[in-house]
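Q: The following block contains the structure, expressed as structure tokens.
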């Protein structure tokens, strides 16, 4: 199946754009015929990445967030990039329950959710320059954590 | 949208459908009518905390019947409210969660500290 597609979106780091961003990716991914759970996984992961850029990347300033998404066959890639603060210690940032801003009542689960809900997660960051999160998910393989479907079984 | 609205506190927000709040005895019912992300979490936290202090709230019920999406910000909202009521022996309950939200609760381990009910009414009966 020759199924490729690509989109690039640029928006301001305002919190109301969290729902905008995840809704855009969900609509973009809809052509892949994902299950409701797969779509929810992608939406949650995108929401986490964009929220991170808004809260941690830009903090109290407003900057631009670039979101790219590519479809290749049954795999969707989503990149969320900011030119914000960057992450000093990526391993520390990715620890479950770790948050650099406990005063915001953040749960520290952002990266954990991205890892749990997507098949592949890469984080590139230069401290002081910005962060790029790249996530991939294969649609139709049903190996979603937290569910108990048989691997390889397609519902489409 | 809901059955049995008792002691309903009118919300000052006009026209805009958003999250609504209701005090029933010492329970605060938060009827989420929007996706529970970081953006909405900020407003919900502020409003809930004011109601908790003003009304001596002990238990909090989050009604998800109008909300089908939550991310880690929702975990922060619930854990933050949990810390507020746990000292006075209060409990946190969630009602009418769909499979998407349910999975977030399970993955995060939140069900260790909160209880899930089919409906707000069932939750109220258990908490009263």
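Read-outs: derived from the displayed coordinates by stated rules, not from any lab. Nothing here was measured: the structure is a model prediction, and the numbers come from that model. FYI the Cβ positions are ideal-geometry reconstructions off the backbone, even for glycines, and counts take in every protein chain you see.
Q: Anyone know which of B:36, B:107, B:28 comes out most mobile in the 10 Å Cα GNM of chain B?
A: Checking each option, the largest mean-square fluctuation is seen for B:107.
Q: Between A:17, A:74, A:91, find the one with the highest GNM mean-square fluctuation for chain A; connect C-alpha pairs within less than 10 Å.
A: Sorting by GNM fluctuation, first place goes to A:91.
Q: Further, regarding this structure: Once the Cα gyration tensor of the range A:1-86 is found, what semi-axes does its equivalent ellipsoid get, as square roots of 5 times the eigenvalues, in whole Å, sorted largest first?
A: Details: eigenvalues 122, 33, 17 Å².
Taking √(5λ) for each eigenvalue gives 25, 13, 9 Å, largest first.
Q: Specify, per residue and in Å³, the volume enclosed by the convex hull of the alpha carbon atoms belonging to the range B:29-96. Provide the component values of the computation, followed by the final result.
A: Numbers: hull volume 4.6 nm³, N = 68.
Spelled out: Cα convex hull of the range B:29-96, divided by residues, is 68 Å³.
Q: Now for a different question. With N set to the residue count of the protein assembly as shown, report its C-alpha Rg divided by 2.2 N^0.38 Å to two decimal places. Each step should come with its number before you reach the end.
A: On the way: Rg = 19.4 Å, N = 284, 2.2 N^0.38 = 18.8 Å.
My calculation over the Cα atoms of the protein assembly as shown gives 1.03.
Q: Let me ask something additional. Only counting other Cβ atoms within 10 Å, I'd like A:114, A:94, A:32 sorted with the fewest neighbours first. Don't skip to the answer; put the middle values down first.
A: Values: A:114 25, A:94 16, A:32 21.
With the sparsest Cβ surroundings first, the list reads A:94, A:32, A:114.
Q: Quick one: grab the alpha carbon gyration tensor of chain B, order the square roots of its eigenvalues as a ≥ b ≥ c, and give me rounded if a/c is under 1.5, else prolate or oblate depending on whether a/b is larger than b/c.
A: Numbers: a/c = 1.27, a/b = 1.09, b/c = 1.16.
Judged from the Cα gyration tensor, chain B comes out rounded (a/c under 1.5).
Q: Right, next: Determine the equivalent ellipsoid of chain A by diagonalising the alpha-carbon gyration tensor, then write out the semi-axes as square roots of 5 times the eigenvalues, largest first, rounded to whole Å.
A: Details: eigenvalues 143, 62, 33 Å².
One finds semi-axes of 27, 18, 13 Å for chain A.
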